[in-house]
Amino acid sequence: MEYQALKKQFPRREQPATPFFVSVAGNIGVGKSMVTSMIGEVFGWRMFFEPVINNPYLDDYYKDMKRWSFHLQVYFLSKRFEIQKKILDEPASAVQDRTIYEDVEIFAPTLHRIGCMDDRDYENYREIFRNMAAFLQPPDLIIYLKCRPETALERIRQRGRECEQEIPLDFLRRLHEAYGDWIERAPALCPVRIIDTEQVNLRDDARAQADLLAMIRTAHAEKHEQAVVEAARDGGER
């Protein structure tokens, strides 16, 4: 089984009882799924991944982005809202591959700017999100993985998903710019940790993996301690 050494270093029995919710954010190809799997497997948390397999729009989208952008974005928004509901309905820790906020802050605006989503569809899309927003709970922590668009494109080609092989570098660059803008504002939503995956090898470097997991465990412990203090205070006020 993978990550045996990390599982010994971070035993599940020592986890705080308070549920913790981590989202892994970043551009296409940056390595979100791998990091999501590592966190989930080591900590034993529920894992939620992007609906890529059996996605009814993805192949058509990459062949004709202008024709299918709105359909794909609504599909992703719907599925991620479904994930949000599952996370809220079951009080247990979880890790998610890409946040729902990236759909509305990164992908839809970028597609609108490059002319792949017209004004009418874009405003309709944003209205759908606004109606959902009141029911959302931000993550306790966003881990933003970043790399140069050129590196993202190389990783996309290496992982070999057929539908992604024609993704233009310019599109990745535009997404990268949108992420740079959003990540400066994201701390208003919840705490954010930024990891440059060209400097930190989370795939192969056991020390880097342990450092990331230790940071998450510390944040989790801090939330638990705060929950204990609040519970004691509320009990004393009754």
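Derivation of every value follows stated rules applied to the coordinates shown; laboratory data play no part. Source: prediction; values computed, not measured. Heads up, the Cβs are rebuilt from the backbone with ideal geometry, glycines too, and the neighbour counts pull from every protein chain shown.
Computed extension gain for residue 189 through residue 229, at 0.36 nm per residue and net of the alpha carbon distance, reaches 12.1 nm.
So which trypsin sites (Lys or Arg not before Pro) in segment 107-169 are both in a DSSP loop and have at most 16 other Cβ atoms within 10 Å of their Cβ?
Details: sites: 113, 120, 126, 130, 146, 155, 157, 159, 161; in loops: 161.
Counting only loop positions with at most 16 other Cβ atoms within 10 Å, the trypsin sites (Lys or Arg not before Pro) in segment 107-169 are 161.
Please compute the contact order of segment 4-237 in relative form: average sequence separation of alpha-carbon pairs under 8 Å and at least six residues apart, divided by the residue count, as a percent. It comes to 29 percent, rounded to a whole number. Near the amide H of residue 194, within less than 5 Å, lie the amide hydrogens of 144, all on another chain or at least 5 residues away, with H placed in the peptide plane. Rounded to the nearest whole Hz, the Karplus-based 3J(HN,Hα) values (6.51 cos²θ - 1.76 cosθ + 1.60, θ = phi - 60°) of segment 105-115 follow the sequence 9, 10, 6, 4, x, 5, 5, 5, 5, 8, x, with x at glycine and proline.
How far, in nm, would the chain grow between residue 34 and residue 162 when pulled straight, counting 0.36 nm per residue and subtracting the alpha carbon separation? List each step's numbers first, then the result.
Values: separation 128, 0.36 × 128 = 46.08 nm, distance 1.88 nm.
Full extension from residue 34 to residue 162 adds 44.2 nm.
Evaluating 6.51 cos²θ - 1.76 cosθ + 1.60 at θ = phi - 60° for every residue in segment 82-96, the Karplus couplings come out as 4, 5, 4, 5, 5, 5, 6, 6, 10, x, 8, 5, 8, 10, 10 Hz, glycine and proline recorded as x.
Of all DSSP beta bridges in the chain, what percent run antiparallel (nearest 5)? Before the final figure, lay out the partial values.
On the way: 0 of 17 bridges.
Of the beta bridges lying entirely in the chain, close to 0 percent run antiparallel.
Chymotrypsin sites (Phe, Trp or Tyr not before Pro), restricted to segment 124-158: which are DSSP loop and have at most 10 other Cβ atoms within 10 Å? For chymotrypsin sites (Phe, Trp or Tyr not before Pro) across segment 124-158 that sit outside H, G, I, E and B with at most 10 neighbouring Cβ atoms in 10 Å, the list reads 135.
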